[in-house]
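Step one of this worksheet: look at the structure below.
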Amino acid sequence: MTSIILASASPRRSELLTQIGIPFSAQPANIDETPRASEAPGDYVERLAREKALAVSAHFPGKWVIGSDTSVVLDGAILGKPSNEADAQAMLGMLSGKTHQVMTGVALAKDDGCDSTLVITEVTFRVLSRTEIAAYAASGEPMDKAGGYGIQGLGGIFVKELKGSYSAVVGLPLQETAALLADAGGPVWKHWMSSQESQS
């Protein structure tokens, strides 16, 4: 097993981590994701990222564990994953023509230690017609995604403007993840440098 574990079953997070050349294994975390009373959205996603990382870390001493969680937030309210096609249409209707926030928490745990950060990206949708909302909901893509859309998929055509981290909207902020690993003495930069030396 590699020295880094991704505490997620998300194929999108795995693809992002692979993109920056980090060898890892995936081990989903099993935690209660219920928001606490009066918990702010940013606090919520960062807490879940930490809890995911620590839950998996407890079973793999000496390994670095990356946890992440993403929420779509509109007017201070979290939009979770739609429960059905009608729910997806309702969410997309709410996002149409508006700017929302995508909040992603990322955490790095090793043994009992855990560092984390919160990344907030502003995403603006163009105005969506009822026809395209219905067609997108029927595609099935929204069903496993916070806020009912995937920016890396068909839903990308709805995005008029993005301010912040694209990778965080997909599910894992790459710059911040790499920084957490580097600050902790993790293998991200060492692996990159050794790979560069082997190519020279």
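The values are calculated or read from the model by the stated rules, or taken from the named source; none is laboratory data. Here the structure is a predicted model, which means the values were calculated and not measured. Here the Cβ positions follow ideal geometry from the backbone for every residue, glycine too, while neighbour counts run over all protein chains shown. The accessibility values were calculated without ligands, DNA or RNA, using every heavy atom of the protein model including side chains. Shrake-Rupley method; radii C 1.70, N 1.55, O 1.52, S 1.80 Å.
See the values below:
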| item | result |
| --- | --- |
| Qualifying position, being under 20 Å from the mean Cα position of the chain (by Cα) and either of a type in the set (Gly, Ala, Ser) or open to solvent by less than 30 Å² (accessible area, probe 1.4 Å) (or both), among 128, 154, 108 | 108 |
| Boolean, residue 145 is open to solvent by 60 Å² or more (accessible area, probe 1.4 Å), farther than 16 Å from residue 24 by Cβ and either free of Cβ contacts under 8 Å to residues at least 40 places away in the same chain or charged (D, E, K, R) (or both) | no |
| The stretch 96-116 residues that are more than 30 Å from residue 133 (Cα to Cα), paired with ones that are aromatic (Phe, Trp, Tyr) (beta carbon under 8 Å, 6 or more apart) | 108/64; 109/64; 110/64 |
| Single match in 93, 97 (criterion: open to solvent by 10 Å² or more (accessible area, probe 1.4 Å), at pLDDT 95 or above and touching a strand residue (DSSP E or B) at 6+ places or on another chain (Cβ under 7 Å)) | 97 |
| Residue check, residue 168 out of contact with any strand residue (DSSP E or B) (no Cβ under 9 Å at 6 or more places or on another chain), open to solvent by less than 10 Å² (accessible area, probe 1.4 Å) and modelled with pLDDT of 95 or more | no |
| The stretch 38-78, residues that are aliphatic (A, V, I, L, M), crowded, with 21+ Cβ neighbours inside 10 Å and under 13 Å from residue 101 (Cα atoms) | 45, 72 |
| Yes/no for residue 87 being surrounded by fewer than 17 Cβ atoms within 10 Å (Cβ to Cβ), out of contact with any strand residue (DSSP E or B) (no Cβ under 6 Å at 6 or more places or on another chain) and among the acidic types (Asp, Glu) | no |
| Residue that is nearest to residue 67 (Cα to Cα) [pool: residues in the stretch 1-44 that are among the polar types (S, T, N, Q) and assigned to a loop (DSSP other than H, G, I, E, B)] | 8 |
| Scope the stretch 71-123; condition charged (D, E, K, R), at negative phi and part of a loop (DSSP other than H, G, I, E, B); matching residues | 81, 98, 112 |
| Selection from the stretch 5-23 of residues that are in contact with a Phe, Trp or Tyr (Cβ under 9 Å, 6 or more places away or on another chain) and open to solvent by 50 Å² or more (accessible area, probe 1.4 Å) | 18, 20 |
